[in-house]
Structure formats: C-alpha cells, structure tokens
Amino acid sequence: MDQRMDVVSYGRANPLWNPWANDRRTFELYRRRCRREAEEMTCAAQAAEILAARARSGETLLDAGCAGGYYYWSFRQRHVPIEYHGLDYTPELIDLARTEMCPATGLAPERFVLGAIENLDSEFDNILCFNVLTNSPHYALPLERLLCCARRRVLIRESLGEDLIVRYTADPYLDEGKRHIRVYHNTYPIDEVVSFMASYGFVVTRIRDERTADGTEFVVDIPHQWRILLAERK
Ligand SMILES: C[S@@+](CC[C@H](N)C(=O)[O-])C[C@H]1O[C@@H](n2cnc3c(N)ncnc32)[C@H](O)[C@@H]1O
C-alpha cells in the first residue's frame, strides 16, 4: 500500500543562496546514508524510538527537511508502522531520495515532495523536523506551518539555548567557488520556542538529545546546542 495522501507544498530554494545545492561533500554523505553505507545518525535513531513509543499503526509522518529521506531506514529498522513522507526544498536532494530510496525501499516517488516548509498545506499525524530550522532565517513561520499541519505531534531538534543568537556566515566547507554563500546557524531561545509551540494547543516536553547529552556540538566550527522538543496536541 502506498501514497494514501498528497503532500501539498510548493517552492524550491534558489541555488544562488542554498548551501545544500552547493555542497558536494555533504551530498555524497547523504547518498551514503541513503545506501546505508554510512553509520546511522544517533538523532535519527532517537527520533524513530521516540515516535515508535507513541505513534499508532498507520499514522502518517512527514519528515520536514528530509534531505535524501534516509531517516526512513531508522523507522523501518525499528518496525515503526507509520506511513513515511519526505519534504525538502532542494531539488537535488528530492532527486537523490527518489533515485536512491525508492528502488531500495519500494516507496513511491510521490512520497518525496519538493517544496518549502513555509508553504506546507496538508495534514499529517506526526511531523518530524530535525536539524533544519537552525539554518532558517527564523524559526517562527516554518514552525507555525508544522504546528498547524500536525494532527497529533511535532518532534523537533534544533539549536536552542537561553538567548537568541543569529549567525549568518559564509561556509568554508561549500564547493569551491561557492564559499561566499552565507548560511544561518541560529540558536533560538528555548523557553520562547516552547511557549510558541504551546500557544498552538500542544503540550511540550523536553527530551534529552542522546548524541550531545544536551551539550554543545561544533558544526562547521560554530557552536550548536541541539535540543529535542516533543509537542503533543492536547
Ligand atoms: C542540515 S539538513 C538536515 C537533513 C536531515 N533532516 C538530517 O537531519 O540529516 C537541512 C535540510 O533541510 C532542507 N530545508 C532547509 N530549510 C527548508 C525549508 N524551509 N523547507 C524545506 N526544506 C528545507 C534542506 O534542503 C536540507 O536538506
């Protein structure tokens, strides 16, 4: 059984500013994750375990900012009986998901949709968004779409701390000739994000991030405080 619903969104990131369209090294890592040639991400395993304990059989799940869609393997390995969909605004990554994941898993290509979170307009039981909003100009608008589109729960992992820190810096790890492209590496105030999620009718729980033990991790030489929040509809 496949594709019970359509994911409604549109929009693609402009390669002029989109780091994921200009980063061969990361693209190849994502390809290896699709092929299960790279180690499973600790946070992907944790996401699957958190949702395995809560989602009922047949519930839908949207992986928002899915890249190559490789989180699917973490759900499948743990026999989490959800219907997985992926959304991403980078065309090269949706192509990667369709080329690598669909033949290997039997998922229909329509399970991977090109579109921006900001334009999402269809409902899912569960929405997962890991390591995405930190790289957005701000969390509120995309997170609002996720909250409005979630019937049961939203699970996020982003850099969250005491205060708002906006960083918009050139990335020396991008492809040669593209290193002028600036990327957001923001940290958002955790209390504010919790209140924001609660204001849409959710009970919000903090879950310790297993990879970092709620510490600080340097990503492209920038400190990130990865924190996991689970929002469940009242
Ligand atoms: C750092 S990668 C994380 C990928 C995956 N979630 C993971 O944890 O490995 C961020 C991904 O989110 C996508 N993305 C970022 N902002 C987005 C947006 N506003 N709408 C849709 N996709 C977005 C990017 O194209 C990229 O694939």
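The values are calculated or read from the model by the stated rules, or taken from the named source; none is laboratory data. Since the structure is predicted, the reported quantities are computational estimates derived from the model, not experimental observations. Cβ atoms come from the backbone with ideal geometry, glycine included; neighbour counts cover every protein chain shown. All accessible areas refer to the heavy atoms of the entire protein, side chains included, with ligands and DNA or RNA removed. Shrake-Rupley method; radii C 1.70, N 1.55, O 1.52, S 1.80 Å.
Couple of notes before you dig in:
- Classified by the C-alpha gyration tensor, the chain has a rounded form. Its axis ratio a/c, with a ≥ b ≥ c, is below 1.5.
- Cα gyration tensor shape for the range 110-227, rounded if a/c is under 1.5, else prolate or oblate: oblate
- Charging the Cβ of each Asp and Glu at -1 and of each Lys and Arg at +1, and nothing else, the dipole of the chain about its Cα centre rounds to 380 debye.
- The label point for Ile165 and the one for Val219, both projected 7 Å from the Cα toward the Cβ, are 1.3 nm apart.
- Oblate is the label for the range 44-148, because a/c, from the alpha-carbon gyration tensor with a ≥ b ≥ c as root eigenvalues, is 1.5 or above and a/b does not exceed b/c.
- Reducing the range 199-227 and the range 57-93 to their Cα centroids gives an inter-centroid distance of 20 Å.
- In the chain, helices alone account for a calculated mean residue ellipticity at 222 nm of -7000 deg cm²/dmol, with every DSSP H run of four or more residues adding -39,500 (n - 2.57).
- Accessible surface of the chain, 1.4 Å probe, proportion on carbon and sulfur as whole %: 48
- Length-normalised contact order of the chain in % [C-alpha pairs under 8 Å, at least 6 apart]: 20
- Simple spin-label estimate for Arg35 and Ala108 in nanometres, 7 Å along Cα-Cβ: 2.9
- Counting DSSP beta bridges with both ends in the range 19-233, the antiparallel % (nearest 5): 50
- Net charge of neighbours whose Cβ lies under 12 Å from the Cβ of Pro91, counting Lys and Arg as +1 and Asp and Glu as -1: -1
- A 1.4 Å probe run over the chain, with the rest of the protein chains in place, finds 46 Å² accessible per residue.
- Counting Lys and Arg as +1 and Asp and Glu as -1 over every other residue whose Cβ lies under 9 Å from the Cβ of Arg145, the net charge comes to -3.
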